[in-house]
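For reference, the structure is listed below as structure tokens.
The values are calculated or read from the model by the stated rules, or taken from the named source; none is laboratory data. Just so it is clear, the structure is predicted and the values come from calculations on it, not from any experiment. Counting neighbours? That spans all protein chains shown, and the Cβs are built from the backbone with ideal geometry, glycine included.
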Amino acid sequence: MSKTWLVTGAARGIGAAVVRAALAAGDRVVATGRDPAGISRAFEAQSERLLPLRLDVSEPHEAQDVVDAALEHFGGIDVLVNNAGYAQLGVFEEMEPAAVSAQFSTNVFGLMNVTRAVLPQMRRQRAGHIFNLSSIAGIRGGQGGTLYSASKFAVEGFSESLALEVAPFGISVTLIEPGYFRTDFLDASSARFATRTIPDYADQSARLRAAFEAQNRKQPGDPEKLGCLVAFLASQDKPPLRFAAGSDAINAISAKAESLSSGLAAWQALSLSTDWRQP
Ligand SMILES: NC(=O)c1ccc[n+]([C@@H]2O[C@H](COP(=O)([O-])OP(=O)(O)OC[C@H]3O[C@@H](n4cnc5c(N)ncnc54)[C@H](OP(=O)(O)O)[C@@H]3O)[C@@H](O)[C@H]2O)c1
């Protein structure tokens, strides 16, 4: 049966690829972004199954307006893809407090704003599927990724908990954990870098920035394939809670799982010693 999707950050990158895959599957799509003209430009073939709307996810009232307009136009929302996001990169001490707020306003609070606006309709329908774009950075931290990683760890904890709360209403939650995908993600048009400079960090910061910039447009992941995969997962009766996308994601997440397991085993006796009663 055909579905209605709401996709955030749909003008480019992974979001645009998801929109193309959903339209190709014959579904209806509310494609949202900060610049609706950019969305119209992104999809040459205009379709009556496509509704482009303005949505800056960091503005709570905009999410509710978009959901109201989507319901008015298509009558329901079956799939929400919380895709909008960007990376605030740089060492922690060189980032201004405003950069912390902005990173969380989009990647975490923005995702929650849209989820909060969509859930009442999904509960009424007793069905729905929410995809939250996390990252390998939501599983393991890395140098230069304190803020971005913190935001994606928040997305992980939020989604894993939300999945339990909404399962009784027939609503699924899937975390998509991409490795590096070839989009504008590391481009100056999307990524933001620290604005303060602290001499102690000069070498480290320069090295990190050069490494991020060197990866731009050379990432191993193909966003079109990921878009199709999200459409495939949306068609599953029992979708996964987590989906690692890409060989680099498999490697990074496997390494984290092993380090968690070996860390637990190494300290197990002491960990158990803090209970009132020893087992
Ligand atoms: N590409 C990767 O390597 C990678 C890896 C792991 C996770 N991810 C995640 O995948 C998602 C999509 O990233 P991408 O690779 O497609 O990057 P991208 O090509 O830079 O696209 C990011 C999209 O997010 C939108 N956006 C940013 N802030 C927004 C806001 N406040 N409100 C609404 N839209 C906003 C942008 O809109 P504008 O066009 O208006 O700027 C753009 O459409 C992000 O959540 C990212 O963290 C990406």
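Checking the stretch 57-64 against the condition returns a match, with at least one residue being assigned to a helix (DSSP H, G or I), modelled with pLDDT of 95 or more and surrounded by fewer than 19 Cβ atoms within 10 Å (Cβ to Cβ). Residues of the stretch 161-193 that are within 24 Å of Arg124 (Cβ to Cβ) and either at pLDDT below 95 or among the charged types (D, E, K, R) (or both): Glu165 alone.
Here the stretch 251-279 is the region considered, the condition is being part of a helix (DSSP H, G or I) and of a type in the set (Ser, Thr, Tyr), and the residue that is farthest from the chain's Cα centre (by Cα) is Ser271.
Scanning the stretch 91-99 for any residue that is within 21 Å of Ser189 (Cβ to Cβ), more than 9 Å from the ligand (Cβ to nearest atom) and part of a helix (DSSP H, G or I) turns up at least one such residue.
For the stretch 163-200, which positions are part of a helix (DSSP H, G or I) and in contact with a Leu (Cβ under 9 Å, 6 or more places away or on another chain)?
So in the stretch 163-200, the residues part of a helix (DSSP H, G or I) come out as 163-169, 199-200.
Scanning the stretch 163-200 gives Ala163, Val166, Phe169.
Among residues of the stretch 1-20 that are within 20 Å of Glu72 (Cα to Cα), none has a Cβ under 7 angstrom from a residue that is of a type in the set (Asp, Glu) and assigned to a helix (DSSP H, G or I) at a sequence gap of 6+ or on a separate chain.
Taking Phe104 as the residue in question, decide whether it is modelled with pLDDT of 95 or more and out of contact with any strand residue (DSSP E or B) (no Cβ under 9 Å at 6 or more places or on another chain). Steps first, please.
Working: modelled with pLDDT of 95 or more: yes; out of contact with any strand residue (DSSP E or B) (no Cβ under 9 Å at 6 or more places or on another chain): yes.
So Phe104 fits the description; yes.
The residues on offer are Arg140, Arg196, and the sole one that is more than 15 Å from the ligand (Cβ to nearest atom) and either under 26 Å from Ala16 (Cβ atoms) or modelled with pLDDT of 95 or more (or both) is Arg196. Take the conditions touching a helix residue (DSSP H, G or I) at 6+ places or on another chain (Cβ under 9 Å), surrounded by fewer than 18 Cβ atoms within 10 Å (Cβ to Cβ), among the basic types (Lys, Arg) and more than 23 Å from Phe185 (Cβ to Cβ) and apply them to Arg49. Does it pass? Yes; evaluated as a whole, the condition is true for this residue. Candidates Asp200, Asp248: the one that is exposed (fewer than 12 other Cβ atoms within 10 Å of the Cβ) and either among the charged types (D, E, K, R) or more than 19 Å from the chain's Cα centre (by Cα) (or both) is Asp200.
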